[in-house]
1. It is to be established whether one or more residues within segment 528-548 are open to solvent by 40 Å² or more (accessible area, probe 1.4 Å), closer than 26 Å to residue 620 by Cα, under 59 Å from the mean Cα position of the chain (by Cα) and assigned by the TED database to the domain that holds residue 597.
2. List the residue pairs whose Cβ atoms are under 9 Å apart, where the first residue sits in segment 106-133 and is without any contact (Cβ under 8 Å) to a residue 24 or more places away in the chain and outside any helix (DSSP H, G or I), the second is open to solvent by 50 Å² or more (accessible area, probe 1.4 Å) and polar (S, T, N, Q), and the two are 6 or more positions apart or on different chains.
3. Name every residue in segment 95-137 that is aromatic (Phe, Trp, Tyr) and either surrounded by fewer than 14 Cβ atoms within 10 Å (Cβ to Cβ) or under 56 Å from the mean Cα position of the chain (by Cα) (or both), in order of residue number.
4. I'd like the residue in segment 377-388 that is open to solvent by 10 Å² or more (accessible area, probe 1.4 Å) and assigned to a helix (DSSP H, G or I) and, out of all such residues, is nearest to residue 424 (Cα to Cα).
5. Tell me which residues, restricted to segment 339-354, are in a helix (DSSP H, G or I) and either in the same structural domain as residue 413 (by the TED database) or surrounded by fewer than 17 Cβ atoms within 10 Å (Cβ to Cβ) (or both).
6. Can you name the residue in segment 72-105 that is of a type in the set (Gly, Ala, Ser) and part of a helix (DSSP H, G or I) and is also nearest to residue 138 (Cα to Cα) among such residues?
Amino acid sequence: MAENGEEKLLAMARHIAKTLGHNDNMADDILQIFSNFDGRFSREKLASDDERTRSCAALELSLKSLDRRISQYVAADHPIWSYSADSAAFLDLIDDLIATIRDWTPMADDQSVGVCLARAEYLMRQAMFRLEDEFRSLVERGGESRKLNRAFRGESNGALSFDSGDDEEEGEEEVIGDGEEHQIPTAQPIGDYDIVIDALPSGTINDLHEIAKRMVAAGFGKQCSHVYSSCRREFLEESMSRLGLQKLSIEEVQKTPWQDLEDEIERWIKSANVALRILFPSERRLCDRIFYGLSSAADLSFMEVCRGSTIQILNFADAVAIGSRSPERLFRILDVFETMRDLMPEFELVFSDHYCLFLRNEANTIWKRLGEAIRGIFMELENLISRDPPKTPVPGGGLHPITRYVMNYLRAACRSRQTLEQVFEDSAAVSHQPKVDDRASSSPMSVQMAWIMELLESNLETKSKIYGDSALCCVFMMNNGRYIMQKVKDSELGSLLGDDWIRKHTAKIRQYLVNYQRSSWNKVLGVLKPESGSLSPSAAVKSMKEKLKLFNIYFDEICKTQSNWVVFDDQLRDDLRISLVKILLPAYQSFIGRFQNVPEIGRHGKYIKYTSEDIHAKINGLFRGGRGSAGAGGGRK
């Protein structure tokens, strides 16, 4: 009943329009008024059967005309964009077809209109297929014919130049299959990243923009993005290859020998900088120009173009991050970490849209993972120190290889102090290092360095115990302690560890010197002391002869033994000798004076083996052992 009532209402509206309208235009105006007044009086419902028939006939006629003219272009055997008149006419026809489909889609429920729209959609697909081909051809031809131009913002000595890859005379070019002259580009050194590459001519970009607008309007935006990205992706991958970056999987990177990988890291650093600072921004600019006003298509296209090369860059960094934590890898991994850190603003800027969110997140994750790798390397260094066993003692108590290795390693590492401080700050909340000497107010890196120093000293103390001679043990600790102090004072380690640490360890070295003197020379000094009680003249003579004999024996033994000991540092060696002269020579001179004052002895110089000058000379002959050996001063670095 409701349907019959609505039909009667519509029939009445048609009758009023026909009666009052003196001509067809007036009747249409009246129907339009009804349509605006009440949604039930839509033009589609108010139209009479005759009008619908006439409209469908007009639609069919229009589609037939569009089909005939569009099909001519679709079937053309030459590039449509070779002639501007053809390209303009083809785009106008596509605009008409888009408008026709848009205008008639609301009436698609009508069977005859639906059939016409199906034909129109089919014709649209054919036109879009041809537009895809033209789009692809424009991108490829534009890239081949266009030299990569530099656009500098300010003066620059740097350049991203592409010259002939052959060693032929300048200006010679390779002739390829169709006879076209084609320059083979190779990347040259870059001194300034303030460069933009215009990869396509402006005219080509304008043509591509016009095509992109039609494809997006027709609902073929994704297809347009796919065609664009497939062409530009090849260019980008070729550019990365020219920069020397190989396509290596994570497994292949991890299997690469370290020496080869170091060279690959150097190439990666250069490639990553060029990609993030020049190539990707240039691609972003190109996408924005071609897809101007079509932000979603621009973002999708850019992501598809750069995704493969970006993943290639990130996978390499990730492979380095999850690889071996061997200490010698620290410095190259620091290079990769610093590169990623410096490029993070570029990642944020270039990959700012939602399509590229996963690339931004992955870059940040890998950067953090590189920080974890650096901290892991320091943990491995700690383990290396702790596990280094006390095997064969270093001859003469000289410098132990682990001391030289650790100190030179830390000294070199501290050249990247700013980076390391950032790495350890990031992990401060979950740091594995214990507090050292209650250094709660120190930076995490200072705590890390102090902890490694403590491990090294503990290891050296363990190694010193394998010496059977306590005096040699002290010499060993003096040598290694002195070397440690020198490396600390002439590097960033000094400011990291602080003045208190330096004072404490300087005092330790002095204590080792005192302990050495006691261990080696106390028994020598003991025999030179005067007798505490009163002896008869004959007993005193006998005692002094025995003491002098013992002194000569002890002194000879010590000099013979310690002349082969090692003190690598000239200043420490001089300090030791001077301290020995100061404590030994006065005691010896006093003893000889008393000895010569005894009448029964004084006349017989045969008992006195050494003069004061001889004692001095013998002391100056100490600690000369291993000259030129690994433990001696000549081998120290």
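1. Within segment 528-548, none of the residues are open to solvent by 40 Å² or more (accessible area, probe 1.4 Å), closer than 26 Å to residue 620 by Cα, under 59 Å from the mean Cα position of the chain (by Cα) and assigned by the TED database to the domain that holds residue 597.
2. Close Cβ pairs satisfying both conditions: none exist.
3. Step one: list which residues in segment 95-137 are aromatic (Phe, Trp, Tyr), which gives 104, 122, 129, 135.
122, 129, 135, listed by residue number.
4. Filtering segment 377-388 for residues open to solvent by 10 Å² or more (accessible area, probe 1.4 Å) gives 379-380, 382-384, 386-388.
Now restrict to residues that are assigned to a helix (DSSP H, G or I): 379-380, 382-384, 386-387.
Details: 379: 12, 380: 15, 382: 15, 383: 18, 384: 20, 386: 21, 387: 24 Å.
Ranking the qualifying residues of segment 377-388, first place goes to 379.
5. Just the residues of segment 339-354 that are in a helix (DSSP H, G or I), to begin with: 339-350, 354.
341, 342, 344, 345, 348, 349, 354, listed by residue number.
6. Let us first name the residues in segment 72-105 that are of a type in the set (Gly, Ala, Ser), namely 75-76, 82, 84-85, 87-89, 99.
Next, from what is left, pick out any that are part of a helix (DSSP H, G or I): 82, 84-85, 87-89, 99.
Numbers: 82: 10, 84: 13, 85: 16, 87: 12, 88: 15, 89: 17, 99: 26 Å.
Per the stated criteria, the residue is 82.
Here's the yes/no breakdown for (1) within 20 Å of the chain's Cα centre (by Cα); (2) open to solvent by less than 10 Å² (accessible area, probe 1.4 Å):
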site	(1), (2)
233	no, no
252	yes, no
258	yes, no
308	yes, no
313	yes, yes
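The values are calculated or read from the model by the stated rules, or taken from the named source; none is laboratory data. For clarity, every value in this text was computed on a predicted model and none was experimentally measured. Don't worry about glycine lacking a Cβ; one is built from the backbone with ideal geometry, like all the others, and counts go over all protein chains shown. The area values use the complete protein model at the heavy-atom level, side chains included, leaving out ligands, DNA and RNA. Shrake-Rupley method; radii C 1.70, N 1.55, O 1.52, S 1.80 Å.
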